[in-house]
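The values are calculated or read from the model by the stated rules, or taken from the named source; none is laboratory data. Predicted model only: the values in this text are computed from it and were never measured. All Cβ positions, even for glycine, are placed from backbone atoms using ideal geometry, and neighbour counts span all protein chains on display.
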Amino acid sequence: MAAKCRICGRSATYYLDHARIHLCEDCFIKYYERKIYKSIQKYNMLEGAKKVAVAVSGGKDSLALLESLYRIVSEKFPELKLAVIHIDLGIPGYSEECRKIVEKMCGDLDVECHIHDLRSEEGYTIPDFQATPFRRRICGACGTVKRYLMNKIAYEIGADRLATGHNLDDVVEVLFELYLKGSVGEIVRIKPVSWSTHPKLITKIKPLIELTERENLYYVLSRGLPVLSVQCPLAKNSRMLKRKKLISMIEKEIPAFRHTLYKSHLKRIMPKLEKTVKEPNLMECKSCGMPSLSELCSYCKLTSKLKKTSQNLDSE
Ligand code: AMP
Ligand code: FES
Ligand code: ZN
């Protein structure tokens, strides 16, 4: 016999194994949006906010974020402005489709949309890093570029929050790595809200932090949002994907492993760590003027290495 929805009793579409419940599509949508609203309220993500920049890659997580935030903001925070930031990374066979999806979503929802094209605005693309010593850690270099530009653009468009689509699977994958390495200074920064500590550093929020990648996929399917037909070709075989696979295997043996690790981190470890680990002192990068831990920020260090490599290649 087909399973019934726990809430309305109609035939169920989805099974959420961590919660052991069956839900139909309509009840799943309500459950999902309510869960995000609860996270927003629990962590005061939008308290005092006037404009939220939503970083949208075109993948399922950030599309789910945009759609659900748009609905929650329209209903519960009508004064709040939303703006989308998309960085076109210039990865052939991938970035074109991501950009098209984001442009279409912004058009459909009629939201302010800022597309930042790496090639035309910065003079390089992510695949250019393949010719540098970063080729083995290209996802890391890409992460540095995205983090820096998302913050910079959010600052330039006058946003006071930057929302990203990081989900529970992403956060647990990072925690897994950081706990293994014992990187206390970084562990303490993994949280639902990172409040600004510098006028040019925008407060970051992760409204999907308590939802799994699978729940985001179900939401995208339920709401009929577009689904990317390709994955980033540069991330294939990355350590990040290997760790995610491993965590899925653990989850099969230890149900709700991700939820448990995240909760222990937030409730048991963080309060203790926050008392002992000091906030790093930020200065302004001497090259770009954005917040930095050292004289030159990690973005300027990275791009100067890229420039040097291409100059060397040109002179060969
Ligand atoms: P990732 O680091 O690729 O797992 O992405 C984490 C989050 O960063 C996504 O959910 C988006 O909110 C944001 N993001 C990633 N790539 C882009 C992009 N190209 N443009 C805008 N935001 C992005
Ligand atoms: Fe950054 Fe693939 S999206 S390397
Ligand atoms: Zn800099």
Of the conditions (1) surrounded by 19 or more Cβ atoms within 10 Å (Cβ to Cβ); (2) modelled with pLDDT of 95 or more; (3) in a helix (DSSP H, G or I), residue 129 clears all except one; give me its number. (2)
Test for residue 149: is it within 16 Å of ligand 2 (Cβ to nearest atom), touching a residue at least 40 places away in the same chain (Cβ under 8 Å) and crowded, with 18+ Cβ neighbours inside 10 Å: yes
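What's the total number of residues in segment 38-49 that are surrounded by fewer than 17 Cβ atoms within 10 Å (Cβ to Cβ) and either basic (Lys, Arg) or touching a helix residue (DSSP H, G or I) at 6+ places or on another chain (Cβ under 7 Å) (or both)?
In the first step, residues of segment 38-49 are kept if they are surrounded by fewer than 17 Cβ atoms within 10 Å (Cβ to Cβ); the result is 38, 41-42, 44, 47-48.
So of that shortlist, the ones also either basic (Lys, Arg) or touching a helix residue (DSSP H, G or I) at 6+ places or on another chain (Cβ under 7 Å) (or both) come out as 38, 42.
Selection size over segment 38-49: 2.
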For segment 171-193, the count of residues that are part of a helix (DSSP H, G or I) and either among the hydrophobic types (A, V, I, L, M, F, W, C) or surrounded by fewer than 20 Cβ atoms within 10 Å (Cβ to Cβ) (or both) equals 14
Return the residues of segment 9-30 that are surrounded by 16 or more Cβ atoms within 10 Å (Cβ to Cβ) and part of a loop (DSSP other than H, G, I, E, B); say none if nothing qualifies. 12, 13, 18, 24
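Yes or no, residue by residue, for (1) under 22 Å from residue 65 (Cβ atoms); (2) of a type in the set (Gly, Ala, Ser); (3) away from ligand 2 (no atom under 16 Å from the Cβ):
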residue: 181; (1), (2), (3): no, no, yes
residue: 211; (1), (2), (3): yes, no, yes
residue: 235; (1), (2), (3): yes, yes, no
residue: 251; (1), (2), (3): no, no, yes
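Which of the following residues is on the phi < 0 side of the Ramachandran plot, surrounded by 13 or more Cβ atoms within 10 Å (Cβ to Cβ) and outside any helix (DSSP H, G or I): 234, 266, 261, 273? I'd like the intermediate steps shown before the answer.
Values: 266 fails: outside any helix (DSSP H, G or I); 261 fails: outside any helix (DSSP H, G or I); 273 fails: outside any helix (DSSP H, G or I).
The unique qualifying residue is 234.
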